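In what follows, a single structure is set out as structure tokens and then discussed.
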Amino acid sequence: MLLHSLSPLHSSNVYSPSLFPFPPSPSLSSSSSSSLSLETSSNRICSLRLYSNAHLRITYKSNGLKLNCSLKEPLKVMISGAPASGKGTQCELIVNKFGLVHISTGDLLRAEVSSGTEIGNKAKEFMNAGRLVPDEVVTAMVTARLSRDDAKEKGWLLDGYPRSFNQAQSLQKLKIIPDVYIVLDVPDETLIDRCVGRRLDPVTGKIYHIKSFPPENQEIKARLITRPDDTEEKVKSRLEIYKKNADSISAAYSNIMKKIDGNHSKDVVFEVIDSILSQVQKDKEMKIKLGKSWSSSNPSSVEDNWRGIPTKLNNVPHSREIRKYFYEDVLQATKRAINDGRTRLKVEINIPELNPEMDVYRIGTLTELVRTIALSFADDGKHVKVCVQGSMGEGALAGMPLQLAGTRKILEFMDWGEYEAMGTFINIGSIGGKEVEEQDDLFILVAPQNAVGNCIIDDLRAMTDAAGNRPVILINPRLKDLPASSGIMQTMGRDKRLEYASSFENCYFFRLLYYAGTQYPIMGALRFSYPYRYELYKRVEDPYGKEKYVILSTFPEKPSIDEVNDAFEGKPRNESKKAVGFWGFLSGIF
């Protein structure tokens, strides 16, 4: 439970008594320019909450502690939205409120061309030929603008760029990483209506709408014109192009993306954006007060969670870096889901070391993942109950699923840090209603699974009933019925068991895809991280023995076998087919 893993949103006033005998002393990162004055009184308010098992939760409130922090590290924001989503209006409001430098590639292109710069002349050649300006030219132009003093000092708002996955990758390689990626989400029918109903005043350049923003008088109305791009056919075409690119870009910025319902008035939408940006700014200030630079602890910065699927997953045992990548990936998705009020969650991660069907399965990797999640929530002041199912059956027939054998002992003897997390903020238990105690804030259930002829679901249901609205997280559950020879499990209450099992929603899903059911070679991967879309990746071999994962497609829901096969074959989504022949290799993975 190291200090750097504390979430400033949840732990600014909640501390473990052994971790923080005194309030943390603010210190400044060398990478930021800040001035800090500190006044303290001799008194601190300490509220104690005593639970039935005599554990204490201690909440400190500074009485008379005053902080004056002048922060010089500015906001860095990207915003995206379909045509007529209201992005231009929101950019104007953001700039007025936060003083950011507004950067639009369209404005940059026109400025560079008119100034006759080297980049502008290159761009002009392509524009005069009726061709798109290459990514490298536009990226160079954006990079040059971001390097100016005003953008460094005031912060920046990058409007509508990047427009493709390759552009996003180029910016990441140049270490241009935003603090937040805002997406305005508006239904297609609303966007089409906004565009088709728009009218331009050629005299003033003002934009009207025949329904929502009509002209002031008949004289103006008589001279209004429809822009060539505002026909229904062209609007639909532009929307398709936007969606195709937006899906892949969202995958690149999934950890920092904030999707906002843009189907409201401009003031309502901006109220949400204002709240998000203000919170991001507060988070950055808190990072500095805790003595860390924002970039070193932001999951979007290029340490960088690698911005995609790590390679060499067929090499086992996995490297420490690969395991850490997946632990962090799972943790962030789980936290987002819980912060959104989700309470019945499951994590399904199927890398080789966590796949019980493979001979490289490692119980230590599973317990390490559980420890990472538990310690992070404990750092936030939560009491976490980590549960492993007990033996099933009685007497000489008692036993448990093979992959869980010894798991509880391993958890009890693991290193839980130097700050007495185990026994205070983290406790080990079994799956069942009797294990739920008043002080427990959330429950992590380690690989709950049915054994042949025995069902864990009854104990699991009793536990979730007792937990009420407190989060219950299943890590790699296996809740399919495994009937005994008598068939009892198969016939008695099966529908209700399956209905209960499906009531848990995925907050994280990762599965490697292989040829023909074998474990080599890897064809690609399917990943889901709450609350974003399912991402389908294809593994591509580069020269000299290297590899990479390239995103093929995204899906709003878990894709079917046919949809995955079609994406690998490059077929349109609306073309139905049966998974047969060479591409039937995926038929057994779901």
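Candidates are the residues of the range 251-263 that are under 10 Å from the mean Cα position of the chain (by Cα) and polar (S, T, N, Q); the one that is surrounded by the fewest Cβ atoms within 10 Å (Cβ to Cβ) is Asn255.
Residue-by-condition table, conditions (1) assigned by the TED database to the domain that holds Tyr500; (2) modelled with pLDDT of 90 or more; (3) open to solvent by 10 Å² or more (accessible area, probe 1.4 Å); (4) charged (D, E, K, R):
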site	(1), (2), (3), (4)
Arg342	yes, yes, yes, yes
Leu345	yes, yes, no, no
Met358	yes, no, yes, no
Gly364	yes, no, yes, no
Glu368	yes, yes, yes, yes
Ile373	yes, yes, no, no
Ala378	yes, no, no, no
Lys382	yes, no, yes, yes
Val386	yes, yes, no, no
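Of the listed requirements (1) in contact with an Asp or Glu (Cβ under 9 Å, 6 or more places away or on another chain); (2) surrounded by 18 or more Cβ atoms within 10 Å (Cβ to Cβ); (3) modelled with pLDDT of 90 or more, Ala466 misses just one: (2). The set of residues from the range 161-205 being among the hydrophobic types (A, V, I, L, M, F, W, C), touching a helix residue (DSSP H, G or I) at 6+ places or on another chain (Cβ under 8 Å) and farther than 20 Å from Val269 by Cα comprises Phe165, Ala168, Leu171, Leu174, Ile176, Ile177, Val196, Val203.
Output the residues belonging to the range 530-549 that are hydrophobic (A, V, I, L, M, F, W, C) and touching a Leu at 6+ places or on another chain (Cβ under 7 Å).
Pass one, the range 530-549, residues hydrophobic (A, V, I, L, M, F, W, C): 536, 540.
Scanning the range 530-549 gives a single hit, Leu536.
Of all the numbered requirements in (1) within 15 Å of Lys152 (Cα to Cα); (2) open to solvent by 30 Å² or more (accessible area, probe 1.4 Å); (3) touching a Lys or Arg at 6+ places or on another chain (Cβ under 7 Å), Pro74 misses one, and that requirement is (2).
Inspection of the range 192-209 finds no residue satisfying the criterion of being in contact (Cβ under 8 Å) with a residue 12 or more places away in the chain, open to solvent by 70 Å² or more (accessible area, probe 1.4 Å) and assigned to a helix (DSSP H, G or I). The residues of the range 413-461 that are at pLDDT 90 or above, open to solvent by 10 Å² or more (accessible area, probe 1.4 Å) and part of a strand (DSSP E or B), listed by number, are Asn427, Ile428.
Picking from residues in the range 534-590 that are within 14 Å of Leu513 (Cα to Cα), open to solvent by 60 Å² or more (accessible area, probe 1.4 Å) and touching a strand residue (DSSP E or B) at 6+ places or on another chain (Cβ under 6 Å), the one that is modelled with the lowest pLDDT is Leu552. Being out of contact with any helix residue (DSSP H, G or I) (no Cβ under 7 Å at 6 or more places or on another chain) and in a helix (DSSP H, G or I) is the filter; apply it to the range 145-160 and report the residue that is surrounded by the most Cβ atoms within 10 Å (Cβ to Cβ). Once the filter is applied, the top-ranked residue is Leu146.
The values are calculated or read from the model by the stated rules, or taken from the named source; none is laboratory data. Computed from a predicted model, the values in this text were never measured in an experiment. Here Cβ is always computed from backbone atoms with ideal geometry, including for glycine, and neighbour counts include all displayed protein chains. Only protein heavy atoms, including side chains, enter the accessible area calculation; ligands, DNA and RNA are left aside. Shrake-Rupley method; radii C 1.70, N 1.55, O 1.52, S 1.80 Å.
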